[in-house]
1. Go through the residues of the range 167-181 one by one and say whether even a single one is in a loop (DSSP other than H, G, I, E, B) and not β-branched (Val, Ile, Thr).
2. Scan the range 136-149 and tell me whether some residue there is more than 16 Å from residue 72 (Cβ to Cβ) and buried (at least 19 other Cβ atoms within 10 Å of the Cβ).
3. With polar (S, T, N, Q), modelled with pLDDT of 90 or more and under 18 Å from the mean Cα position of the chain (by Cα) as the only criterion, which of 165, 143, 181 stands out?
4. For the range 76-127, please list each of the helices (runs of 4 or more DSSP H) lying entirely inside it that holds at least 1 residues being within 14 Å of the chain's Cα centre (by Cα) and either at pLDDT 90 or above or not hydrophobic (A, V, I, L, M, F, W, C) (or both).
5. Filtering the range 82-113 down to residues that are in contact (Cβ under 8 Å) with a residue 40 or more places away in the chain and closer than 28 Å to residue 167 by Cβ, which residue is surrounded by the fewest Cβ atoms within 10 Å (Cβ to Cβ)?
Amino acid sequence: MGISKGKLYYKAKGTSKQDLEMMKEMDKEHMDNPGEGVIGLTDWLRFKGYSIDLTYIPMRKGFMYLTAIIDVYSRYIVGWGLDNSLDSSNCIEVLQSAIRRHGCPEVINSDQGCQFTCRDWAEACRTSGIRVSMDGRRRCLDNIWIERFWRTIKRNYIYLFPEENGQDLYRGIKRFIGKYNYRRPHQGIAHRTPFQVYSAVVA
């Protein structure tokens with residue numbers, strides 16, 4: 001399928017029980033308050049006695065990280081990737097894959113996570129002629145479209161059907177995004193599917 005073995009064969013990294021419980025609490029807080037954003041979540045973590053910045057997809061045993069790029073106008077997911085680390089190279093790989101399939105956007109927006117403030121990410125965007133935009137402090141709604149997608153995939157798939165391993169999770173996410181893009185009408189785009197709106201623009 002054109003993906004590396006490292007993305008298919010998940011191996012647990014010995015994450016402590018305390019860290020896993022912390023991530024579960026973070027995810028629940030994020031689902032309860034999807035517009036909270038990085039700064040608000042950090043404040044909440046400090047109140048809870050934790051301080052960290054991460055996004056994860058839980059499985060029955062362990063977890064992986066999902067990166068996705070959404071077209072704001074159509075809500076179409078133009079690229080995504082599943083990995084077992086938060087390395088910036090994973091995000092760059094997803095971006096480059098999206099560019100190969102759909103061309104370069106004029107602007108790409110992200111939060112201020114370390115993956116998107118590092119030199120490699122900035123250079124990858126600069127080389128492709130993409131202008132980088134980042135959420136302002138206390139501006140959690142700047143990236144609300146991808147936040148809504150996280151809520152949708154977690155509430156309708158991840159939490160209902162936790163997978164056993166990375167290979168099953170990859171296939172499940174691929175099916176879900178296919179349905180999301182091509183068969184799921186969205187109220188915010190006049191009850192059309194993301195692909196209907198996206199294809200009308202790029203045709």
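The values are calculated or read from the model by the stated rules, or taken from the named source; none is laboratory data. Small disclaimer: the values here were computed from a predicted structure and weren't measured. Counting neighbours? That spans all protein chains shown, and the Cβs are built from the backbone with ideal geometry, glycine included.
1. Taking every residue of the range 167-181 in turn, none turns out to be in a loop (DSSP other than H, G, I, E, B) and not β-branched (Val, Ile, Thr).
2. The answer is no; no qualifying residue exists.
3. It is 181.
4. Answer list for the range 76-127: 88-102, 114-117.
5. 102
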